[in-house]
Each structure stands twice: as structure tokens, then as C-alpha cells.
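Comments concern the structure below.
The values are calculated or read from the model by the stated rules, or taken from the named source; none is laboratory data. Model, not experiment: these values are computed from the prediction. A quick note on method: Cβ atoms are made from the backbone with ideal geometry, for glycine too, and the neighbour counts reach across all protein chains shown. The protein model used for the area step is the full one, side chains on, heavy atoms only, and it has no ligands, DNA or RNA in it. Shrake-Rupley method; radii C 1.70, N 1.55, O 1.52, S 1.80 Å.
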Amino acid sequence: MQEQELEKIQGQVASVIYFNEDNGYTVLRLDVDDGSQAIVVGCIPMPVAGESMTAWGNWTRHAAHGEQFKALYTERTMPSGASAIFDYLSSRVIKGIGPATAALIVGRFGDDALNVLRDHPEKLATLRGISMTKAEEMSAAFRRQTGMRSLMEFLGGAGLPPILALRLYRFYGDEALEKVEENPYILSSVQVGASFAQADALALANGVEADAPERIAAALLFELRHNSDNGHCFLPADKLTAATAQLIGVEPEQVGEGLDILLDSGDVICESVANVNACYLAPLYAAEVYVAQRLRDMAGTVYPATGVHVDHIIDEIEAEQHIAFAPQQRRTLDAAASRQLVVITGGPGTGKTTSLRAVLALFDAMGLETMLAAPTGQAAKRLSDLTGREASTIHRLLGASFSPETDSTVFRKNESDQLRCGALILDECSMVDMALMKAVLAALGSSCRLVLVGDADQLPSVGPGAVFRDVIRSGIAETVRLTEIFRQKEESRIVLCAHQIDQGQTPDLRANRAGVYFLRRREADSAAETIVSLCQERLPKNMHIPSGQIQVLTPTRKGAAGTEELNKRLQAALNPPVAGQKQEFDFAGRTYREGDRVMQIRNDYDIPWKTADLESGYGVFNGDIGYIDSIDPASEAFTVDFDGRRANYAFEQASELDHAWATTVHKSQGSEYRAVVLSAVRAAPQLMYRSLLYTAVTRAQELLVIVGDEDVIRTMTENARRAKRYSGLRIRMTDEE
């Protein structure tokens, strides 16, 4: 704790004005030792009147509430003396104890009341009206209170924010302090959210040796988790060893002992894959093996044609929908009628939607109850609009939640409680990673049909694996590739442009017409200025497209034409501050304002939401886009409207949201927009490749405006490389080893 850089006040808590249980945000009145009184605000979990407090922070002035002391760290001690103890207990901070019970306890035990409450519940049970059961419940509640304090002091001494103590306690309860003292690296787990560097610094400060096996094991797990976030299901042992050694400054030979610990505990599985010693996180290994086996079994299941007159059904569908199916689309229906697993892939305009509607009609005619799902909220909404049927995100369909016991996502629908349907159509499958595919397959009954739909040439999933591409490459499933372009009118030039890029042909950007326009801006600053002008004035005025229906895409977060800078400029242009009318707050160097467009950047299963018709639930998922509806500075909370679902956030949770006027192409997967403005200025070489450009272009429905440099478009089109992903799925499905 860098106390010398902060101001310090100390005194006794006079009263608690406000406390938010979800995020620990507190407003309290402090009787300062110098005789003054101060309003203290900050993350101070479980505050109580009567306790002594030392706070480090800075004085600030709130527009409505005046001068406040914003505490970054606090140290708190339990009240001493009968009077202060009575004030503390009578505040109802301990469940089961009010003023009357507090008077009984303090009257009998005086200055020793808190020691009795903590260690001797049997003595409490001698008091009138307190049974042994009630005494033990009060004692347990008090121990929880003191446990949080001790945890905060332990972390605060290392300069770690109080919110980490709240998260630790939420997941580990009374054992939180013991667990973090025993293994500081649990701080860097998903549910707690500290960085590996923070956990490592605490561990080293508390005597963990630089080459301790537990430190090496934690670093190995960090490397595997970090690389799974980059799309890898495993890492070769030599690469894992080298990366871990470099991360924590030990010799590669020393890493072996830590790896042995993880192998013995079962946290890591090592197995030969294509003559590579592959090291997996255990859940990813289990997922890959399960997905391979289940898909292989489904691909081998063929249904006899008895009782199903497919040609007759197809003729009826054609008559009802007033269309004539192309040969490839008829083949799709034949496959869907006879196979348990079918894959439909194709680029824009090739009839995927028509084929999907036809498959739905076929399944209806066959008496199969069909469910539809997609990876993101935007993709699910689009699927519902295209089919006229209810579609859900995969997470909501499966009842996703977070389990602190397993430190992972769990699904209510699984092998023991499967989906009640005869068929599942899964759209935008290029976005589905290994763990999510495993969850989908586990929730399907043994006879349930599965139709995987997507564009294999788009970017792969953000999470580990390239499941859709690997299924197609394996050749195990009946796969229909739609190649004939049907859209010839309003979207034709966007579609043509996309297919040219996909085939390695640089599109002709000179003809500014028919929905595709190119504006040459070779410098990033100039491109950024043009992009803002397009969104603020030119497209709304000249093309009659509101700014809310325009999405800016860029390959990169960095630079003048990256998402970080573009969002600052677009916020200033499209949602400027209005004194007295728009609330706002600052968090981690960003300003969040009412009316801001934002995107959820990680799955959070605990965020509550409610709709106007009082439907309610929990969970907001990676890729969901909404607008900040309201901000309440007094409670440090705000509400985001996600297409009618109003979700409640604490200020601390703003780290889960990015501004979304401009997003990376990766984050746009699964979505389509009326108008796309694409920033095409030079970025890092690893972002200059064909499938990224192709994905960006295929996000546009009606209008595509490319702002940038023709040489960048040419470079990306000619670069057909695909980032290597370590996965054994294709090999496992084909039994090539």
C-alpha cells in the first residue's frame, strides 16, 4: 500500500448511510479523531456503526452531496468497550441480533461480549430466549463478519483493491482467507479477477520462493488459460515449458517439477497428438474427446427412408413458399431427412437462409420438434427474424450459470436433463468453441438431429478450437457447400465483393455504387476524421441511415483508427455531455455516459435483468450490445438496455463493457448491420489477412463504406494464412493416429 501518496483519516463509524451488497459500495459517516465528521465512500464490505476505521484515499467534491473522502483502502478494528460493542451489535449487522438481544449480551458479558460471541456460543445459550441453535447461528454470522475484515486487511496490505476481497468471500466463504494465504494464485482465477502479476507479487511477498513448485504450477496454468483465450486447445510441451520459464524467470528444466504436480492432480493432461506431446487443461481435454466421439457417432447414423416421402414433402414446400430449390438446396433437404448430423456452409447470398427455412419446414412435416440457437444475442435475433420462429442464444437455451465450486460455466441442460426436441439447428457455427460444442452435444438426446450452419471462411471462434472448420475438413459429416450466388439485386455488390475476397481477388474499389463505397485515406488520423463525419452527418443526411444503425469495424484496438480512439471520437460526436441532463462516471480512464452504446465483453451469469413486461432473469453474455439507459451516482450503479432487457451493473463492473460505436471485426462475428463503415488502414501484420477482411465485409446488409488504403485491402486479400490453432479434434474424429 502506497500510503505516502494518499491522504489518511481515522476515527469511528457513526452510521452507515448506504451499502450495496453486490459490489461493496458504501457511504458512511465517520467521526474523525480530530473531532470533525466526514462522509467516506468506497468499496467497504460489511460496514458497521461503532467500528474503528483508518482510511487511505483522497478528498473529492460530489456535485450533489458535497465534500467526500473517497477511500481506496481501509483498515478496520472491532469496537472495544461495552458502549461501542452495544452500538455495533444493536445495528443488526449480525443476523439474529437486534437492540434487545444486544442489551442482553453486553449486559451479561460486558467488554468480553465479542470474544464470547465468536468463541463460546454455549455461553450465549445461557441467556434468556437464546437457544443453542440460535447461539451457534449468531456465532457463525459474527465469524463471517470478522473473516471479511481479516481478508480485506490481508489484501489491502499488498495494495490490492477491496473488491477482490468481496469476490473471494463470495466464492470461498469463511475459508477465503485461509485459502488465499495457502495459495495466493487463486486470486487470478476467473471468478476473482486479479491478474497473474498481482497474485504472483502477493505470493512472493509472503515467502513463496521464485522456483517453488506451486509458483511454477500456477504459471503453467496461467499460460494454458491465456493460450486457450487465443484459440488453442493445447500447447506442445516444449512451447509451454519455454513460455512458462520466460514468464517467471526460471530455467526450463525447473518447470518440469511444476508440470508433474499438475499431471498428478489431474489439472493438466498430456497426450500424444500427431506426434506432438500435447498439454491440455483437463476440462478442454475432456471436451475435445467428448465432441470428437459424439460427432463421429452422429455422423455415422443414417435413417431409413421408410414412412418419409421426401420428394413429396419438398414439392409441397416449394409450392407453399413459391420457390424452386436449386440442386444444392435439394441435396440439403435429402441429407436432413436421412442423416442425424448435417453441415450447411456457404458465403453470403448462396441460399443458406432459404435452405434453413426449408429444413425447418421438412422437420415440421416429419413431426420433429425443432429448436433454433446461435452463439450471440444478435445472431439469435437475426435467426428468429429470418425464420419467423423463436431462436435463443446457446447459453440461454442450455441454462448457463457459473459454478464457484468448479470454477467454470455449468449448464442446467446436460446428460441428465436433456433438451426436449427432435432436432436442433445451430447457426453461425464458426463462432462455437470446443467447450460450448461439448455443452450442446451433452444436452442432445441420443436420437436428436443436429444441423450445423455457418460460413467456414469467416474467422474462427474466439474461444479454443476451430470446431466448425475441423468438422468440415474431417469429412465425417454429410456436408453441403452452397456456392451458387442467388442475391442479384440490392445486396449484389456487397455479396460480389465478399466472394471476390474469399477467392483471393482484390475487389474493384473504383466504382462507388450499388452499396459499396471506398474513400481513400492513407493516414490513420484522416481516416478517423472521415469515419466520424460519416457516422455523425454524411450517412444520416445523405443515405437516411440513422447513426444507431451504423457500425464501425476495424481490425485493431490500437492506433488513431483503432477501436479505442475511434470510440472516444464517436462518443464525443454522437453522445456528447449535456450538463444537468446526462449522468456520467469515469472508470479505468474511460467516461461512461447515459446514451452510450456498449458491448458486453465477457460472460457474466450473475447480472440481473428485467423487461418492461416484468420478465426477469440473470446473465449477460459476450457480444451483447446495448445502450446505457440510466446512471445513479449515489449508489454507483447503472442500467444497460439490451434490446428490452434492462441489466443492472455496479460501477466496478464497467470493466466488463467496451464502448461499441466501433468494434473489432472479431467482436462483430454473428452480427449483421444495416450499414458498416470499415477502417482499412495499416495495422499489425498479424491482423492483415483475408478471412478477417471477408468477415468484415459480410457484416454489411445494405451499405458498406471502406475508409482507408487500397494497398491494405490488397495485402489482406492476398494473405490467405490462417492462424494456427493447436487442436486434436479433426485427428480424433478421423482416427488418423
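Please say if region 161-253 is rounded, prolate or oblate, where rounded means a/c under 1.5 for a ≥ b ≥ c the square roots of the C-alpha gyration tensor eigenvalues, and otherwise the choice is prolate for a/b larger than b/c and oblate otherwise?
Working: a/c = 2.58, a/b = 1.51, b/c = 1.71.
Oblate is the answer for region 161-253, as a/c is 1.5 or above yet b/c matches or exceeds a/b.
Relative to the present Cα-Cα distance, how much length would full extension add between D297 and T60 at 0.36 nm per residue of separation? Write out the running numbers ahead of the final one.
Details: separation 237, 0.36 × 237 = 85.32 nm, distance 6.42 nm.
Gain on extension, D297 to T60, equals 78.9 nm.
Could you give each residue of region 387-395 its phi-based ³J(HN,Hα) in whole Hz, using Karplus coefficients 6.51, -1.76, 1.60 with θ = phi - 60°, and x for Gly or Pro?
9, x, 10, 5, 10, 10, 5, 4, 4
Grab the other residues whose beta carbon is less than 10 angstrom from that of G504, score K and R as +1, D and E as -1, and report the net.
-1
What does the charge count near A82 come to, summing +1 for each Lys or Arg and -1 for each Asp or Glu among other residues with Cβ under 12 Å from its Cβ?
Values: positive: R108; negative: D87, D111, D112.
For residues surrounding A82, the net value is -2.
What fraction of the DSSP beta bridges in the chain is antiparallel, stated in percent and rounded to the nearest 5? Don't jump to the answer; show the numbers that get you there.
Details: 74 of 116 bridges.
Of those bridges, close to 65 percent are antiparallel.
Tell me, what HN-Hα J-couplings in whole Hz come from the Karplus equation 6.51 cos²θ - 1.76 cosθ + 1.60 at θ = phi - 60° for each residue of region 221-233, using x for Gly and Pro?
My calculation for region 221-233 gives 5, 4, 4, 5, 5, 4, 6, 5, 5, 8, x, 8, 7 Hz in order.
Given only helices, namely DSSP H runs of n ≥ 4 each adding -39500 (n - 2.57), what is the per-residue ellipticity at 222 nm of the chain, to the nearest 500 deg cm²/dmol?
Working: 25 runs with 272 residues, N = 737.
Taking each H run of at least 4 residues, the total per residue is -11000 deg cm²/dmol.
Enumerate the amide H contacts of S630 below 5 Å, restricted to partners 5 or more residues apart or on another chain; note that Pro and chain-start residues carry no placed amide H.
Answer set, sorted by chain and number: T639.
Using a 1.4 Å probe on the protein chains only, how many percent of the accessible area of the chain belongs to carbon and sulfur?
Details: 15160 of 32100 Å².
Looking at the chain in its full context, I get 47 percent from C and S.
With a Förster radius of 22 Å, plug the Cβ-Cβ distance of A588 and S635 into 1/(1 + (r/R0)^6) and report the FRET value to the nearest 0.05.
0.70
Whole angstrom only: what separates the Cα centroid of region 135-178 from the Cα centroid of region 632-658?
Here the two parts' Cα centres lie 26 Å apart.
Report the FRET efficiency, 1/(1 + (r/R0)^6), for A723 and R602, where r is their Cβ-Cβ distance and R0 is 22 Å, rounded to 0.05.
Numbers: r = 21 Å, r/R0 = 0.97.
E between A723 and R602, to the nearest 0.05, is 0.55.
Report, in debye and to the nearest 20, how large the dipole of region 475-620 comes out about its Cα centre when Lys and Arg carry +1 and Asp and Glu carry -1 on their Cβ. All intermediate terms of the calculation are to be shown ahead of the outcome.
Numbers: 21 positive and 20 negative charges, 130 e Å.
The calculated dipole for region 475-620 is roughly 620 debye.
Near K582, which lysines are there with a Cα under 26 Å away, not counting those fewer than 8 places off in the same chain?
K70, K541, K568, K610
Determine, from the Cβ-Cβ distance of R118 and S384 and an R0 of 56 Å, the FRET efficiency 1/(1 + (r/R0)^6), rounded to the nearest 0.05. Intermediate values should be presented prior to the final figure.
Numbers: r = 56 Å, r/R0 = 1.00.
Calculated transfer efficiency: 0.50.
Need one word for region 365-482: rounded, prolate or oblate. Basis is the Cα gyration tensor (sqrt eigenvalues a ≥ b ≥ c); a/c below 1.5 gives rounded, then a/b vs b/c decides.
The shape class here is rounded.
Sum up the charges of everything whose Cβ sits under 15 Å from the Cβ of Y627, counting Lys and Arg as +1 and Asp and Glu as -1, but leave Y627 out. Please list the in-between numbers first.
Numbers: positive: K582, R593, R597, R645, R646; negative: E584, E594, D596, D624, D629, D641, D643, D658.
Around Y627, the surrounding residues sum to -3.
Quick check: Cα centre of region 544-589 to Cα centre of region 240-263, how many Å?
43
Name the shape class, rounded, prolate or oblate, that the alpha-carbon gyration tensor gives for region 17-79, where a ≥ b ≥ c are the square roots of its eigenvalues, rounded holds for a/c under 1.5, and otherwise prolate holds if a/b is larger than b/c and oblate otherwise. Before the final figure, lay out each step's value.
Values: a/c = 1.60, a/b = 1.08, b/c = 1.48.
Oblate, since a/c reaches 1.5 and b/c is not below a/b.
So, in nm, how far is label S265 from label M543 when the simple model puts each one 7 Å beyond its Cα toward the Cβ?
Result: 5.3 nm between the two label points.
Search the structure for amide H atoms under 5 Å from the amide H of S635, placed 1.01 Å from N in the peptide plane, and list their residues when 5 or more places away or on another chain.
Here the answer is none, since no amide H 5 or more places off falls under 5 Å of that of S635.
Run through region 544-616 and list the trypsin sites (Lys or Arg not before Pro) located in a DSSP loop whose Cβ has at most 16 other Cβ atoms within 10 Å.
Numbers: sites: R557, K558, K568, R569, K582, R590, R593, R597, R602, K610; in loops: R557, K558, K582, R602.
When the trypsin sites (Lys or Arg not before Pro) of region 544-616 are filtered for loop state and at most 16 Cβ neighbours within 10 Å, K558, K582, R602 remain.
Explain nothing, just the number: dipole magnitude of the chain about its Cα centre with +1 on each Lys and Arg Cβ and -1 on each Asp and Glu Cβ, in debye rounded to the nearest 20. If you can, show how the numbers build up before the last one.
Working: 74 positive and 98 negative charges, 442 e Å.
Using only the charged Cβ atoms, the result is roughly 2120 debye.
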